[in-house]
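The values are calculated or read from the model by the stated rules, or taken from the named source; none is laboratory data. Everything numeric here is computed off the predicted structure, so don't read it as measured data. Don't worry about glycine lacking a Cβ; one is built from the backbone with ideal geometry, like all the others, and counts go over all protein chains shown.
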């Protein structure tokens, strides 16, 4: 298991202008034990080729892996928006694009399934794996929902980016193995390392309220000890 700092944890600082994406990457590399980042698509000040190349080169120079691009509009977007997001992931050199599905109040399941089919086809063409995030009040709220989504989409390019703590009590996240390619964990919650000891990918350390500071990643004992493997 490896650890990535999710920029969504700092959403408030990005929104107020107190933090830029490049400052975030630099701070993660220099001031935290994380060896990767997950970049939220809301936090890109520019998306031109020169800027994306700068982000990729900076992360590389600092020894960080861009573990995933996160986009919560991806799975409900039109095909062109999906294509652009996948091209951004390619430009950044990340193998994963993570996102949540829509809700039953936002669109019918038949429409969501059709969009999943388009997304999977585009992901195959781009060679970028999709990491489906479970979340309450979406079409991937439970472990059963997640299995249904992947079964009906029927694509090797659709895998899971699981948040084990976001499932209902009846769901067993481990029952979804071996398809998780990314895990999400709130830094304010103890990390159940033993349950996921065989997971070889990145754990995206997030904070649900978006109010994280770099100190949170330096000073919270359960996070620091988990990243050291203690």
Working only within region 144-201, note down all residues that are in a strand (DSSP E or B) and within 30 Å of residue 125 (Cβ to Cβ). 158, 159, 160, 161, 162, 180, 181, 182, 183, 184
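Every residue, every condition in (1) touching a strand residue (DSSP E or B) at 6+ places or on another chain (Cβ under 7 Å); (2) under 19 Å from residue 188 (Cβ atoms), yes or no:
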site	(1), (2)
133	yes, yes
141	no, no
146	yes, no
151	no, no
154	no, no
159	yes, no
162	yes, yes
169	no, no
174	no, no
Filter region 184-198 for residues that are within 15 Å of residue 132 (Cα to Cα) and without any contact (Cβ under 8 Å) to a residue 40 or more places away in the chain and give the result. 185
Tell me, please, whether a residue that is modelled with pLDDT of 95 or more, within 27 Å of residue 166 (Cα to Cα) and touching a strand residue (DSSP E or B) at 6+ places or on another chain (Cβ under 7 Å) can be found in region 42-62. no
With the condition kept exactly as written, say whether any residue in region 70-88 is crowded, with 22+ Cβ neighbours inside 10 Å and within 26 Å of residue 213 (Cβ to Cβ). yes
Of everything in region 70-118, what is over 15 Å from the mean Cα position of the chain (by Cα) and assigned to a loop (DSSP other than H, G, I, E, B)? Give them in sequence order. 77, 78, 102, 103, 104, 105, 106, 107, 108
Can you go through 145, 215 and tell me which one is over 18 Å from the mean Cα position of the chain (by Cα), without any contact (Cβ under 8 Å) to a residue 12 or more places away in the chain and farther than 24 Å from residue 109 by Cα? 215
Within region 192-219, which residues are surrounded by 18 or more Cβ atoms within 10 Å (Cβ to Cβ), over 24 Å from residue 15 (Cα atoms) and touching a helix residue (DSSP H, G or I) at 6+ places or on another chain (Cβ under 7 Å)? none
When residues of region 123-142 are limited to those that are in contact (Cβ under 8 Å) with a residue 40 or more places away in the chain and out of contact with any helix residue (DSSP H, G or I) (no Cβ under 7 Å at 6 or more places or on another chain), the one surrounded by the most Cβ atoms within 10 Å (Cβ to Cβ): 131
Does region 1-49 hold any residues that are surrounded by fewer than 20 Cβ atoms within 10 Å (Cβ to Cβ) and under 24 Å from residue 195 (Cα atoms), and which are they? 1, 2, 33, 35
